[in-house]
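The values are calculated or read from the model by the stated rules, or taken from the named source; none is laboratory data. All of these numbers come straight from a predicted model, not from anything done at the bench. All Cβ positions, glycine included, derive from the backbone under ideal geometry; neighbour counts span all protein chains shown.
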Amino acid sequence: MKTIALVAHDGKKQELLQWVQAHADFFVGKQLYATGTTGALLAESLGREVHCLASGPLGGDQQIGALIAEQQVDWLVFFWDPLSSQPHDPDVKALIRLAVVWNIPVACNRATADFIVHSSLLQQDYQRSVPDFSQHQNRFKTAT
Ligand SMILES: O=C(CO)COP(=O)(O)O
C-alpha cells in the first residue's frame, strides 16, 4: 500500500483532514495523490508533498480514475458526500467504478478507512515477524 489517492467532497473535507491527521504516521513514506482542493488542504495540514490533480468538478476524479487504470494507485480514500448533489456526479460514479474494476480497496467513510489502515499495519507486522514471508507469497502465487 504505497500509493494512495485521497478525495473528499466539500461537506467531507474536514472529516478527511481530521482522519489523515489522526493517522499521520501511516502516511509517512507513502505517495499521495489528490484532487485539487482536497490535495492543497492535505499538503498544508500535513506539511508534505501531495500530487495535486485538477479539482474534482474540472476533471480531477477522471485523472485519478486514469491513474487507477494505469495501476498507479493502491488504495482510494474517497469521502464522498451522500447528502449533497454534485454537478460532476457521472465523474464520481466513474471513479468508484474504476476502483471496483481494478479491484483496489476503496474507503468511502472513516470506519472503512480505519479498518484498512489497521489491516495494512497488521499485515506489515506479520511480514516483519515471518522472515521468509515473500517466499511464502511466491510459493502461494505459483501454486494458484
Ligand atoms: O469534487 C471532488 C470529488 O468528486 C473533489 O474535488 P476537490 O478536491 O477539488 O474539491
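Checked against (1) part of a helix (DSSP H, G or I); (2) surrounded by 20 or more Cβ atoms within 10 Å (Cβ to Cβ), ILE4 passes all but condition (1). Evaluate the stretch 89-100: report whether one residue or more is at pLDDT 95 or above, in a loop (DSSP other than H, G, I, E, B) and under 16 Å from the mean Cα position of the chain (by Cα). Within the stretch 89-100, not a single residue is at pLDDT 95 or above, in a loop (DSSP other than H, G, I, E, B) and under 16 Å from the mean Cα position of the chain (by Cα).
Here's the yes/no breakdown for (1) more than 8 Å from the ligand (Cβ to nearest atom); (2) on the phi > 0 side of the Ramachandran plot; (3) out of contact with any helix residue (DSSP H, G or I) (no Cβ under 6 Å at 6 or more places or on another chain):
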| position | (1), (2), (3) |
| --- | --- |
| THR3 | yes, no, yes |
| VAL7 | no, no, no |
| GLY11 | yes, no, yes |
| LEU16 | yes, no, yes |
| ALA22 | yes, no, yes |
| GLN31 | yes, no, yes |
| GLY39 | no, no, yes |
| SER45 | yes, no, no |
| SER55 | no, no, no |
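Residues that are under 22 Å from GLN14 (Cα atoms), acidic (Asp, Glu), touching a Leu at 6+ places or on another chain (Cβ under 9 Å) and part of a helix (DSSP H, G or I) occur at least once in the stretch 57-71.
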